[in-house]
Every structure is written in structure tokens, then in C-alpha cells.
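Q: The following block contains the structure, expressed as C-alpha cells.
The values are calculated or read from the model by the stated rules, or taken from the named source; none is laboratory data. Owing to the predicted nature of the structure, the values given are computational and were not obtained by experimental measurement. Using ideal geometry, Cβ is built from the backbone for each residue, glycine included, and neighbour counts are taken over all protein chains shown. For the accessible areas, the whole protein counts, side chains as well, though only heavy atoms, and no ligand, DNA or RNA atoms are used. Shrake-Rupley method; radii C 1.70, N 1.55, O 1.52, S 1.80 Å.
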Amino acid sequence: MSSEAAQPGTPPMDPKRARALWREWTANMETGAATPALRIGIAATFTANPLVPYLGGHLLEAGVQPAIQLGPYHQLFQVCLDHRSHFPGGVDVIVLLWRIEDLMTEEVSAFLHGDPEALGRALGRLSSFGQAVAALRSAFAGTIIVNLPPFPSTLPAHALELSNPGNLGAFHRTITSALVEQLSRIEGVRLLDLDALQRHHGVAGSFDARQWYLYHQPFSDRFLFETGALLGRMIATLRRAPRKCIVLDCDNTLWGGVVGEDGVGGLQIGEDFPGWAYRDFQKLLLRWRQQGILLAIASKNNEADVWEVFEKHSGMALKREHISAWQINWEPKAENIPKIAKALNIGTDSLVFIDDNPMEIDYMRAARPEVHSVLMPEEPADILPAMRVLAAFDRLEITKEDRGRAEMMRAEQQREAALSHLSKEDFLRDLALTVELFPAPPEELDRIAQLINKTNQFNLSTIRRSVDEVRVLAAAPLHRVYGLRVADKFGDYGLTGVAIIERSPAKQRWTIDTLLLSCRVLGRQVETAFLAGLAADALEDGAHELFASFVPSAKNAPAASFLPDHGFTVAEGHAWRAALTSIPPGPPYINLLRPHCETISA
Amino acid sequence: MTTRIESVFSEVLGVPVDKINDSTSPENTSEWDSLQAMNLVVALEEAFDIKLSTKEIVSMRSVGLVRKVLRTKGIADV
């Protein structure tokens, strides 16, 4: 499975390399030459030690530098009920690993002996486990990861028994779906799908009987390595802004053949081989688009030829309206790529580039290393299997804003068309902007954390936080986590602004810890309305002044003049202050709503 | 002259190869703990393309004893 951070030129990850990376890193931590950026605690019902270097190696390759502690062997409940004493010094992530054979030993054995009540007892045991995870959730602010159980491999029974087919399978399926159902009711618990991983690699290949009998370690080295890879991918994804757009070549990428030479009728795309391999790739692109990934084209072609394929070829699953931006010309693609990013208002570091020409890929990697460049397989049968495992689009939650992003971009193009006919002031008035400021409810925290982790441009402090950290702040008495929703006559931009406020104990002072706006709503004075709304809340709370910091980053220049433009003066260092009376009111053409203001007090 | 077996031990344990000889054992080498014992089995099987029995694994309490096990499996050049 590809790790997004892997750069060309680094050797492929294998168990030996993962162990070597991990050994080098832990030696540096021991001498104090390196400090971990993330602390992970693992508790397992089996010996999990050999997993540590594999998880560590994969995380290091993904650019996350972790410390990993192992909890005591087979004490999941104890760890859930008292994580602090089992992970001294504290951890950011707790991983709970379990197997059916270990957690419900008696029940599964009785089930195999025909006890009709055994499955019910096993579900009872599972429910106690669910309660323990819920207890951990309420006591632990970090990320919790729990696995779906792999198929049992150390029982006196076998998956392929002819006498009673499906028996153990039914037990495993029932327990697995009950676990998913239970854990989905606990906020912010991530599922590590070891069931799917085992299906991918095979039950027989995942088990090592010698390691089991000697060390109580049931898994094969390969399976542990792949578990480390999957777990590492999950943990790295929690800390990384996702890629937002795929830039596609056309000839031999979206379809087989070259439109300029073969003509529209000579292209391979549709129901027959090899055209349906390309069509399957287009269907994968449409699925990604539905999840919020934008599609763009960078092709060396005559523009009219390309659109003719989109409009006239009946085999195309992709339609012209699915393409959010394009550069179809004979300029170098490394020059076209920034134009696409600019048109979509995103950074080039959120682009993935797919092309069948190895020279284009090499050139892009050299000229634009921040773009994730992927070579299209030459063999049509390899296209779908290679592309659907791209880790570049990993994300742990798909929010409704993601799903709507591609549609919002279309509305944006209409807004821009409207802008070209009007003066800016008229345009803004005509937009009928509505800005709604509200304390973030629990169901919006995923989206809020996503904005915190990916917003680069209009972001005063660029403090990144996991959703679990945000959840803690949302519940803290002196903090407030705000969301901002923006809409205009063309449509709803959704939740596009976040503020985190810390109130001083006597509440006379509000400090803005985080203030950010998605670039989708910049250029409309939404930020002025946002601040005016916060100031109104602060006034109702009894505060007199606002504090804020501007921490310059490589990308947040668009927010640089925000504080001085809005009545703030320098206090010291990065810190600015303003009396509430000097905060300007919101622009007259923005309708500011604060639907919560009567409902919250204290 | 470094033997193949010494290279495997050095790679897995992270110990310089000149510190490894036939008397190297878990008792005198702190790096050879129970975790590394598991990794050693995997690495030896991979390096010599063999499969070790649990009995053989349990008997491998020093580099010399590992060499003896490998010789019984027909690997002379270790």
C-alpha cells in the first residue's frame, strides 16, 4: 500500500527497513537527540511487541515522529478504566487491539460445542468491552483506535470445516457487526479494520502458529507489517490536511489512444476491452468527486479536440461539467498546474497529478515536488487496482462540505461570472450574504477539526488540533469553539469559519486562540462580520477587550493585516489587543445572525 | 571475516558486527531481549530460506547454538 509521503528515490518499505528506521529513531530518542511529536499507547490481548517497529517505521516514513508505549499484556479493560497509570507521562493516541479468542475465550469455545446461549454471552462480553471503551472516551481526550477482530485462527476449529460450514463465520460476523454498532455510538472512536486487512492477505497467511505457541503472538510477520502500515496510515491521516484535487492528463490516461491522431472515433473508452478499463478509472474519479475531490485537466492537446471527446463520445462516464478547472494547451504542465490551483483557490500542495508519460511525471516531481505525482499504469488491467489504493485521498471523516465541494465550485464559477458585470460594492450587496455565528455543536466538530487542520491562508495562529482536542475545548468552561456558516444567493458555502476563544477567569478579557476562514469565502468582508459577531458575544459576556495573535506562516499572508485593520494595536511579540469599542461593526451588506445569543449565558 | 549469521544478528540487534561471536547470548547481550528473539527467528528464516521448528527456536540460546542448528539444516557456509 503506498504511503503518500514516500518520495521517489527512497527504497520501498519492507519489514527490514521499517525495523532499521525505528531502531535509529528510538536510539536518538534515548540519547535525547530527538523528541517525539506524538505519543501512542498500545494495549493488546496478545503480544504486540513486534508491531511496534512496523507502526513506528511507517509513521516515520510518513513524517510523523512518534513515541510508542506498550501497555500490559491482555489488560484492555484495566487500560480503559485507568489509562494514566498504564501509560505514564500521557499519550495522544490509544490503540486497543483484541481478538475474539482472547476476549471471549469461554464463549467462543462453548459456541463451537453447540451451546445455544454462547453467542448471547459473547455479545454480553462485547457490550462490557464497549462500556470500557466509553469509559476511556470520557476520561481520555486523545484519539482512540479499536480494531475490528480478525477471523479466529487459534481455536480448535477451522474456517473450512465441511461438517458445519459457516458456523464460526456466523459468530465472527455477528460479533464484528455488533462491535461496529456499539462503537459508532461513542464519539470519535476510529475503527482499524483488521478483518478487511486479513481478507486482503488471507486468513492462513495472517497466522503464525510457532510464534503463537512460543510467544503468544498469533500473527505472521507479513500481517504485522501490514497492520503497522494501515495503523500508521490512519494516525498520519489524523494529522495531515487531505489532498483536494486531481489534475489529469487525457490521452492514455482518461481514455486509450491519442485524440489528435486517432480522432474521437478511434479512442478506446466504453464497453469493450481495453476501453472499459479506462471507463472504470473514470468511475473511480466520479466516486472521488462525490467525496469532495475536485477534478481538473492538464493536457497537451487542442482544447476543442478534448471537449469534443467529452461531448461526443458515448463511452465517456466523465462529463464536461465534472471538470472544475483545465489547462489544455502546449505549455509545460509544471506551469499549467499553478494556474489550475489558482483557479480553484487551493494550494499546489493539495494537488495530485496523474499522467501516463514518465517524463511528465519526472519533470513534475522535479519542478513541483509538493504536487503528488502518480504514473498511470501502461497495462490497462492494472489501472483500477493501482489507482484505488492511492493513499493520497485518505481521510477519516467525509463531511457534507467535502461532498458538496465540487458543486460549490460550480456555483463559484457563476459568482465570478456575475462579478465581471458589476462593481465590487454592488456585487457584494447583490450577493445577499448571510453569516451565521454559533457555538459548535458536537456533530460539527469533525468539520471544524478538518478546517483547523487544512486552512492555511486566512488563519491567524495556524494552530493544528485533532478532533479529540477540539472536543475537549468545546466542553471546557472557559473556552468557546465557534463555527461560522456562510450563504449567499448562489448557494450555501457551509461551515467555513472557526474561532476558538479563551475567556479569562473573570471574563473581562477574551483571547482569540484560533480564527480562520476557508479561502472559499474570502474577499467578501466575511471576516469583518465574523469579528463583529465575536465582539458582540464578548460584550454580552461582560468582557471589555479582545486579545489575539498573528503568527506568520509560509502561507497566511492574507491574514497579516486583519488585526491592524480591525482596531487592534500591538501588545507585545505576536500579541495584539483591542478594546471592544474599537472593533468595527460588520459590513452593512452582510446579514449577521447569532442564533445562540439568547440561549447561552454564564 | 564476518559470517552471514553474524551479519543477521548485527542487523536485527543493532549491535556492531565485531561485538558478535559464538558466545553472544541473551545473558551477555542486553539487546537480545524477548522482542528481538521474535525478530531473529523471522530474520534467520528469511536470510537462509529455512523454516525453524519451535524446538530449534527454543534451543537457540547463543550465536554458536544458532550456528549448530543451521548446520543440521545443511547450511555449511554460516
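Q: Rank by packing, highest mean first: peptides A:83-95, A:302-314, with packing defined as the count of other Cβ atoms within 10 Å averaged across residues.
A: By packing density, highest mean first, the sequence is A:83-95, A:302-314.
Q: Another question about this same structure. List the residues, sorted by chain then number, that are 5 or more residues from A:Asn252 or on another chain and whose placed amide H is less than 5 Å from its amide H.
A: So A:Asn252 has HN proximity to A:Gly257.
Q: Also: I need the calculated FRET efficiency for the pair B:Ser23 and A:Thr154, taking r as the beta carbon distance and R₀ as 35 Å, to the nearest 0.05.
A: Calculated value: 0.45.
Q: Using a cut-off of 10 Å between beta-carbons, work out the net charge of the residues near B:Leu13 (Lys and Arg +1, Asp and Glu -1, B:Leu13 not included).
A: It works out to a net charge of -1.
Q: May I ask you to compute the full-extension gain from A:Gln290 to A:Ala571, defined as 0.36 nm times their residue separation minus their alpha-carbon distance, rounded to one decimal in nm?
A: 96.5 nm
Q: Working out 0.36 nm times the residue gap between A:Leu478 and A:Arg429, then minus their Cα-Cα distance, what length gain in nm do you get to one decimal?
A: 14.0 nm
Q: Continuing with this model, one more query. Would you please give the FRET efficiency between B:Lys51 and A:Ile463, computed as 1/(1 + (r/R0)^6) with r the Cβ-Cβ distance and R0 = 56 Å, to the nearest 0.05?
A: The formula returns an efficiency of 0.60 here.
Q: How much area per residue is accessible in the protein assembly as shown when the probe is 1.4 Å and only protein heavy atoms are counted (Å²)?
A: Using a 1.4 Å probe on heavy atoms only, each residue of the protein assembly as shown averages 43 Å².
Q: Stick to Cα atoms and the Kirkwood definition of Rh, then tell me Rg/Rh for the range A:413-599.
A: Dividing the radius of gyration by the Kirkwood radius yields 0.95.
Q: Using Cα pairs under 8 angstrom and six or more residues apart, how large is the relative contact order of the range A:413-599, in percent?
A: 25 percent
Q: For B:Lys55, which lysines qualify as cross-link partners when the Cα separation must be under 18 Å and same-chain residues fewer than eight apart are set aside?
A: Correct list for B:Lys55: B:Lys68, B:Lys73.
Q: Okay, moving on. Return, for the Cα atoms of the range A:245-393, the radius of gyration and Dmax in Å, separated by a comma.
A: Calculated on Cα positions, Rg and Dmax stand at 14.0, 38 Å.
Q: Pairs of Cα atoms under 8 Å, at least six residues apart: use those to get the relative contact order of chain B, whole percent.
A: Across chain B, relative contact order equals 35 percent.
Q: Over every pair of different alpha-carbon atoms in the range A:1-147, take the mean of 1/r and invert it; report that Kirkwood radius in Å.
A: 17.1 Å
Q: Could you tell me the largest-minus-smallest coordinate of the C-alpha atoms of chain A on each of the three principal axes, in descending order and whole angstroms?
A: In descending order, the Cα extents are 79, 74, 52 Å.
Q: What is the calculated FRET efficiency for A:Asp262 to A:Asn345, with r their C-beta to C-beta distance and R₀ = 35 Å, to the nearest 0.05?
A: Plugging the Cβ-Cβ distance into 1/(1 + (r/R0)^6) gives 0.45.
Q: Follow-up question, since we're still on this one. Under a Cβ-Cβ cut-off of 11 Å, what is the net charge of the residues other than A:Leu267 that fall near it, where Lys and Arg count +1 and Asp and Glu count -1?
A: -4
Q: Roughly speaking, what is the stretch gain from A:Asp115 to A:Trp330, that is 0.36 nm per residue apart minus the C-alpha to C-alpha distance, in nm to one decimal?
A: The span from A:Asp115 to A:Trp330 would gain 70.2 nm if fully extended.
Q: I'd like to compare B:64-75, A:523-534: which one has the highest average count of other Cβ atoms within 10 Å, and what's the full order after that?
A: A:523-534, B:64-75
Q: I would also like to ask the following. Counting helices only, and only those DSSP H runs with n ≥ 4, report the 222 nm mean residue ellipticity of chain A as the sum of -39,500 (n - 2.57) divided by its residues, in deg cm²/dmol to the nearest 500.
A: Value at 222 nm, helices only, nearest 500: -12500 deg cm²/dmol.
Q: How are the C-alpha pair distances of the range A:15-239 spread across 5 Å bins, as whole percents from the shortest bin up?
A: Over the range A:15-239, the share of Cα pairs per 5 Å bin runs 1, 7, 14, 19, 19, 17, 11, 6, 3, 1, 0, 0 percent.
Q: On to the next question. If you count, for every residue in B:44-51, the Cβ atoms of partner chains within 10 Å of its Cβ, what is the mean?
A: Shielding by partners across B:44-51 averages 1.
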